[in-house]
Protein chains: 2
Amino acid sequence: MARLSRERVLEAAVALADEAGLDGLSMRRLATELGVVPMALYKHVANKDELLDGIIDTVVGEIDLGPVEGDWKPAVRARILTAREQLLRHPWASSAIESRRNPTPAVMTYMNSIIGLFRRGGFSVNLAHHAIHSLGSRILGFSQELFDDMAADPETQEAAAHAMKDTFPWLAELALQVAHDEKSIVGSGCDDQFEFEFALDLLLDGFERIHQSARSGPQPR
Amino acid sequence: MARLSRERVLEAAVALADEAGLDGLSMRRLATELGVVPMALYKHVANKDELLDGIIDTVVGEIDLGPVEGDWKPAVRARILTAREQLLRHPWASSAIESRRNPTPAVMTYMNSIIGLFRRGGFSVNLAHHAIHSLGSRILGFSQELFDDMAADPETQEAAAHAMKDTFPWLAELALQVAHDEKSIVGSGCDDQFEFEFALDLLLDGFERIHQSARSGPQPR
DNA sequence: ACCATAGGTGTACGGCGTACACTCGTCAAG
DNA sequence: CTTGACGAGTGTACGCCGTACACCTATGGT
């Protein structure tokens, strides 16, 4: 067994989180996985919090930040969709990032690059600021959904929808239509990718409109 | 000491979470607070998960869903801002809701009411669906921010911004301007309420535009 | 040849959620 | 009035968790 190192620890932690989820990632289990006693890990990470920051930094750091051509809009869009692609490979990443209070260096690098795209596109500092806030976690390619359970097969889903027709009529109506659409087209649940791009474009269009009206009239806010 | 009951347990749990945070809310501590042995709680809630669902349901259930007058837009806006007001009273609520996989009944009731506002405003089922997804957690009045640390006093903040001018130039520029604005106007950090309403209005405006163009042209999606 | 140091170990503590077997007070049926 | 079932609260115990602290040991610079 090779020597331990921060890299080896983080790498193994990412792998473990991938297969066991965030809950399954414990210092003790990670140590076992590395063939080492739990306390050995503490020579390479300060504590579990720092470990989590570390694995976030690892996966966020792998987002391709190479130069993008074209206007700010397609550029931002492309970069965010790239981030999404990367983070979808690690299902635990979004919850992990959400749960942190302070951004890791890689996250700051990423944000910095997005702000740069806005600014080079002619956004005022203020508008860029508002844009960042408006995008929220969507900036990293994930959205905070309140429902995860639209994932059953259309039949079950349809049955559930019927069951709540009395209590939640509007919700039921919506669920029924979704179930119907899915049955006639493709796999289970809502089309998350479509919904993500829909919301993203809505926001980007909004930014663009403000940006343009600011170019002619006086500055916003 | 009065007898225990689900209500008393949930009430105490909300209070404990309010003052000790989500991490400080443990079955054992909650039991102590109620002057009872830990296992006694299990006669009233199935397990900790159900307890969390319970307190979420409690606070979300307290959001005022009374009838709102006027167009869908001010109506939705008002309802969401009411929800925000309520959830801001319980700082743990947003993280708790985010962490759940399935919505509690009160959340479904709330979502149902919002969908109702859209539908009565003439939205197609599809548009209402996209709108719900686009709002994401903002529908309940909170947004997933990647930065919480803009909360220090402007001086510290400004110093930090200067320190990262080399590594994250765009981020630093933004932070500097924020720090400057704050110094000349009001208390610390970004104006979260302003940013929230800014993003909310951006989304609602977007919905409106799609809604209107759908009224004339063929249906969207 | 020496010894400081860094990496890995072993033991232990206090906390967590909760399974399971129990006691005991209340209240309805006989 | 007796009885017995039942539901609320108890006590003990198990297996996890993160991590403090003292320890050993191999390595590499002097």
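General observations
- Extreme residue, farthest from DNA strand D (Cβ to nearest atom), among residues of the range B:63-75 that are under 22 Å from B:Pro105 (Cα atoms) and loosely packed, with under 15 Cβ neighbours inside 10 Å: B:Pro67
- Residue in the range B:79-89 that is assigned to a loop (DSSP other than H, G, I, E, B), more than 13 Å from chain A (Cβ to nearest Cβ) and either within 13 Å of DNA strand C (Cβ to nearest atom) or more than 26 Å from B:Ala199 (Cβ to Cβ) (or both) present: no
- Any hit, the range A:37-44, residues being away from DNA strand D (no atom under 14 Å from the Cβ) and without any contact (Cβ under 8 Å) to a residue 12 or more places away in the chain: no
- Residue that is modelled with the highest pLDDT, among those in the range A:183-221 that are among the small types (Gly, Ala, Ser) and open to solvent by 20 Å² or more (accessible area, probe 1.4 Å): A:Ser213
- Qualifying residue in the range A:179-188 (condition: of a type in the set (Asp, Glu) and in a helix (DSSP H, G or I)): yes
- Of the residues making up the range B:3-29, those that are within 11 Å of DNA strand C (Cβ to nearest atom), of a type outside the set (A, V, I, L, M, F, W, C) and open to solvent by less than 70 Å² (accessible area, probe 1.4 Å) are B:Gly24, B:Ser26.
- The range B:103-163 holds helices (runs of 4 or more DSSP H) entirely within its bounds, and those carrying 1 or more residues that are open to solvent by 20 Å² or more (accessible area, probe 1.4 Å), over 23 Å from A:Asp181 (Cβ atoms) and more than 7 Å from every other protein chain (Cβ to nearest Cβ) map to B:105-120, B:154-163.
- The residues in the range A:127-149 that are in contact with a Pro (Cβ under 7 Å, 6 or more places away or on another chain) and either aromatic (Phe, Trp, Tyr) or under 23 Å from A:Ile210 (Cα atoms) (or both) can be counted, and the count is 2.
- Scanning the range B:1-37 for residues that are over 25 Å from the mean Cα position of the chain (by Cα) and not in a helix (DSSP H, G or I) yields a total of 9.
- Only a single criterion out of (1) surrounded by 13 or more Cβ atoms within 10 Å (Cβ to Cβ); (2) within 14 Å of chain B (Cβ to nearest Cβ); (3) near DNA strand D (Cβ under 9 Å from one of its atoms) is not satisfied by A:Asp49, namely (1).
- The condition (being open to solvent by 40 Å² or more (accessible area, probe 1.4 Å) and farther than 27 Å from B:Asn112 by Cα) is satisfied by just one residue among B:Thr32, B:Thr82: B:Thr32.
- Boolean, B:Thr58 is modelled with pLDDT of 95 or more, hydroxyl-bearing (Ser, Thr, Tyr), more than 26 Å from B:Gly121 (Cα to Cα) and within 16 Å of DNA strand D (Cβ to nearest atom): no
The values are calculated or read from the model by the stated rules, or taken from the named source; none is laboratory data. A quick note: this is a predicted structure, and the numbers were derived from the prediction, not measured. Cβ atoms come from the backbone with ideal geometry, glycine included; neighbour counts cover every protein chain shown. Surface areas here come from the heavy atoms of the whole protein model, side chains and all, with no ligands, DNA or RNA. Shrake-Rupley method; radii C 1.70, N 1.55, O 1.52, S 1.80 Å.
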